[in-house]
Amino acid sequence: MIPKSSSSFLTVYSLVILLSIAAICELGFCREFGIVRLKKLGGESRDFDTNDDVDSVARFAVEEHNKRTNSLLKFGRVIKAKEQVVAGKIYHLTLEAVDAGKKTIYEAKVWVKPWMNFKKLEEFKRLMDNPHLTTSDLGFVRDGFGWRKVPVHDPEVQDAANHAVIAIQQRSNSLFPYKLLKILQAEAEVVKDIVKYNLLLKLRRGNKDEKLKVNMRKNSNGGFVLGLFEKLDM
């Protein structure tokens, strides 16, 4: 027979263990997808590619905002996403929603604890109206850091590169047409309603490959204008 004092000690000890496990889980040592994952707490937010989970969080943010403000926003797409590990995750989202037929950009912050099925909209604010705003443009408007690298696969970057090739061909006296092989590098800067692109392109003319550094400008009406371009050594 276990003495009463020992039984009390075991009860208290078991309670302490359970409370400790709960606290650890709350602090981010949580079980997700059947795997115990050790998380670094309070780290800086990081960019990451959007996926179905992020879209789900963004849709929740729009729906929750609609409930709180009696609005009728319609979710469009996630433009930019960052996550920060805390007790769970905080998603910092830049998203596009349609407000009375008008595309509008919003910033949202959502706190998620997957193991508790917990979601909370921390912040939701309107950023700007701009139907021509793109994935690459937005960060520069918001951050205001001038020239920044942008993904070469961004549709706007590809559009700028294609217009550059057409404009270069028009200025060239060559009988052979230029063909865009690859966008090697791209950076952009937003100044008011004008987007500037610096592009490094690999082109082919006839049977010869060339590398060109090109400056393009996109006006508020969506038109592209070729600026300076320079041929570089391969």
Point to revise | All positions within region 53-62 that are touching a residue at least 12 places away in the same chain (Cβ under 8 Å) and open to solvent by 30 Å² or more (accessible area, probe 1.4 Å) | key: Asp55, Arg59, Phe60
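Criterion first (within 18 Å of the chain's Cα centre (by Cα), part of a loop (DSSP other than H, G, I, E, B) and either modelled with pLDDT of 90 or more or not polar (S, T, N, Q) (or both)) does Phe145 satisfy it? Before you say what the answer is, go through the steps one by one.
Details: within 18 Å of the chain's Cα centre (by Cα): yes; part of a loop (DSSP other than H, G, I, E, B): yes; either modelled with pLDDT of 90 or more or not polar (S, T, N, Q) (or both): yes.
Here the answer is yes, as Phe145 does meet what is asked.
Keeping to region 97-119, report how many residues are open to solvent by 20 Å² or more (accessible area, probe 1.4 Å) and in a strand (DSSP E or B).
Of region 97-119, the ones open to solvent by 20 Å² or more (accessible area, probe 1.4 Å) are 98-103, 107, 109, 111, 114-119.
Checking which are in a strand (DSSP E or B) leaves us with 98-99, 102-103, 107, 109, 111, 118-119.
Looking only at that region, the number is 9.
Return the only residue of Lys196, Lys119, Lys192, Lys231 being at pLDDT 85 or above and out of contact with any Phe, Trp or Tyr (no Cβ under 9 Å at 6 or more places or on another chain).
Numbers: Lys196 fails: out of contact with any Phe, Trp or Tyr (no Cβ under 9 Å at 6 or more places or on another chain); Lys119 fails: out of contact with any Phe, Trp or Tyr (no Cβ under 9 Å at 6 or more places or on another chain); Lys192 fails: at pLDDT 85 or above.
Of the residues listed, the single one that is at pLDDT 85 or above and out of contact with any Phe, Trp or Tyr (no Cβ under 9 Å at 6 or more places or on another chain) is Lys231.
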Exercise for review: Output yes when any residue across region 198-210 is out of contact with any Ser or Thr (no Cβ under 8 Å at 6 or more places or on another chain) and over 24 Å from Ser172 (Cα atoms), and no when none is.
Suggested key: no
Review point. Regarding Leu127, is this residue buried (at least 17 other Cβ atoms within 10 Å of the Cβ), at pLDDT 90 or above and in contact with a helix residue (DSSP H, G or I) (Cβ under 9 Å, 6 or more places away or on another chain)?
Key: no
**Study point:** Residue satisfying all of: in region 152-211; open to solvent by 70 Å² or more (accessible area, probe 1.4 Å) and assigned to a loop (DSSP other than H, G, I, E, B); nearest to Gly222 (Cα to Cα) among these
**Key:** Asp193
Practice item. Count, please, the residues in region 63-88 that happen to be open to solvent by less than 50 Å² (accessible area, probe 1.4 Å), under 18 Å from Lys120 (Cα atoms) and in contact (Cβ under 8 Å) with a residue 40 or more places away in the chain. Key: 7
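Give region 220-234 a look and list any residue that's open to solvent by 50 Å² or more (accessible area, probe 1.4 Å) and in a strand (DSSP E or B), or say none.
Selection gives Val225, Leu228, Phe229, Glu230, Lys231, Leu232.
The values are calculated or read from the model by the stated rules, or taken from the named source; none is laboratory data. These numbers were taken from a predicted model, which means no experiment stands behind them. As a convention, Cβ positions derive from the backbone with ideal geometry for all residues, glycine included, and neighbour counts pool all protein chains shown. Side chains are part of the model used for accessible areas, which takes the heavy atoms of the whole protein and leaves out ligands, DNA and RNA. Shrake-Rupley method; radii C 1.70, N 1.55, O 1.52, S 1.80 Å.
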